[in-house]
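In what follows, a single structure is set out as structure tokens and then discussed.
All of the numbers you see were taken from the coordinates with simple rules; none came from a lab. Because the structure is a prediction, the values reported are computed rather than measured. Note that we place each Cβ from the backbone using ideal geometry, even for glycine, and neighbour counts take in every protein chain shown.
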Amino acid sequence: MYRSLRILPRLNANPPPAGGHLPSVATSAFLKPTRDVSLRTSGLRWVDSADTDSAHDAVVGRETRKMNMYQAVRDALSIALSKDDTAVVFGEDVAFGGVFRCTMGLAEEFGRERVFNTPLTEQGIAGFGIGLASMGHTAIAEIQFADYIFPAFDQIVNEAAKYRYRSGGSFNAGKLTIRCPSMAVGHGALYHSQSPEGFFMGAAGVKIVIPRSPIQAKGLLLSSIRDPNPVIFMEPKVLYRSSVEQVPIDDFEIPLSKAEVLTRGNDLTVVSWGTPVYHCETALKMLSHPPQSIAEHVPASLRSAKIELIDLRTILPWDVETVVESVKRTGRLVVVHEAGRTGGVGAEIGAEIQKQCFLKLNAPVKLVTGWDTPVPMAYEKFYVPDPIRILDAMMETLTY
């Protein structure tokens, strides 16, 4: 027996790294690990910089600090409170720091009259925020989980979204921002891992924003707070601690309703937002360099395909122009999101692309989504789109 074991070939002299060879959130190429790349983030606009400053002058003397997403959110809130005396932050447990620690120390820094707890009433939180915003205050509300936003649905859709239209422009709730942790966390199940952005797609007058990283979270949140429309800002909760990068400590904004092209390509367009962006990155790596365990299922002819990956960032109103331009070049589109398929954002994107790019399409628009079921407890991992499902969709679309 021992002799036979000794003559077995050594398949791999070096064990794989602990995290595997494929990219993860922690090792993502989309995160900014150094000061220089952080300060030159695409689309970043310094609030205190003159329009005439050159790109070099705009970053001279600026510093960054290593932050995860919840720390970046906290940094954005601190800047908003310090620069706007009318700004208030409120919600369930925010004075204690919040369940995800996004408001840690803000009550002590700015006072409990500006950072305060509310009763457990999401409808009341939204209604209170609408009233504050209509009186000219900057209202930054927190719904403890996006799953709990449904009691506030009437206030958001029938009041906040319509207030400017209803009053003929005399009043508005544009200074209202509603933050809420969203998407799967691994064990949140049916009441703590939902992605409800699709429910608001028909609410004209409100904006929906979902960041993918600490820099994006800080810049997009400050833009949302200062935007003249009410904004629902959904923060992927699993990224609060897993996404880490160097974040500029100064005040900056990233524009809303502008998607970001993360990788350039001419063969296939993949659109996503939030946590699934990183699953898409892994799927792209699996396509070009498939692990040995699945290599036989990935045709060699597809491994050189050039994929264009787009982070939508603003879900409503979404950046139609960027996606249409990409699909007209590639002729193919895959949309990836965690929410269920029926009535989801992907269906809306697919319909618009079918209308504008019909004669350019070489394959049907493909959706990779959560299933049309409640998010399960024990099998949450099988509910969300993973790299294998995304890889399969990309190969099916490329070979159509």
With label points set 7 Å from each Cα along the Cα-to-Cβ direction at Trp371 and Arg62, the distance between them in nm comes to 4.6
With Rg and Dmax of the Cα atoms in Å in mind, check (1) 22.3, 88; (2) 25.0, 91; (3) 24.2, 82 and report the label derived from this structure. (1)
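When a/c is below 1.5 the answer is rounded, else prolate if a/b is larger than b/c, else oblate, so apply that to region 260-399 with a ≥ b ≥ c taken from the square roots of the Cα gyration tensor eigenvalues.
Oblate, because a/c is 1.5 or more while a/b does not exceed b/c.
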Taking amide hydrogens as modeled 1.01 Å from N in the peptide plane, which residues meet the under 5 Å criterion relative to Ile310, leaving out close sequence neighbours? Leu262, Val270, Val271, Ser272
Degrees separating the helix 69-83 axis from the principal Cα axis of the chain, which is the longest one: 20
For region 367-375, in residue order, the Karplus 3J(HN,Hα) values (coefficients 6.51, -1.76, 1.60; θ = phi - 60°; whole Hz; Gly and Pro = x) are 10, 10, 9, x, 7, 7, 9, x, 5
How far, in degrees from 0 to 90, does helix 345-357 lean away from the longest principal axis of the Cα atoms of the chain, to the nearest 10? 70
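What does the charge dipole of the chain about its Cα centre add up to, to the nearest 20 debye, if the Cβ of each Lys and Arg holds +1 and the Cβ of each Asp and Glu holds -1?
Values: 41 positive and 43 negative charges, 249 e Å.
Using Cβ point charges on Lys, Arg, Asp and Glu, the chain gives about 1200 debye.
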Loop only by DSSP, 16 or fewer other Cβ within 10 Å of the Cβ. Give me the GluC sites (Glu not before Pro) in region 64-158 that pass, ordered by residue number. Glu113
Lysine pair number, Cα distance threshold 23 Å (strictly under), region 260-399, separation 8 or more or different chains: 11
Can you find, among Ala347, Gly331, Ser301, the residue sitting farthest towards the positive end of the charge dipole of region 260-399, where Lys and Arg contribute +1 and Asp and Glu -1 at Cβ? Ser301
Distance between modelled label sites at Asp93 and Leu190, nm, 7 Å Cα→Cβ extension: 2.2
Quick check: residue separation of Ser170 and Arg389 times 0.36 nm, minus the Cα distance between them. What number comes out in nm? 73.9 nm
Lysines with Cα under 19 Å of Lys66, excluding same-chain neighbours fewer than 8 positions away: Lys32, Lys218, Lys237
Give me the percent relative contact order of the chain, please, defined on Cα pairs under 8 angstrom at least 6 residues apart. 17
Name the long-range amide H neighbours of Ser257: under 5 Å, sequence gap of 5 or more, or other chain; modelled H, no Pro or chain starts. Thr314
Take every DSSP beta bridge whose two residues both sit in the chain, then give the antiparallel share in percent to the nearest 5. 25
Near Lys162, which lysines are there with a Cα under 26 Å away, not counting those fewer than 8 places off in the same chain? Lys175, Lys207, Lys258
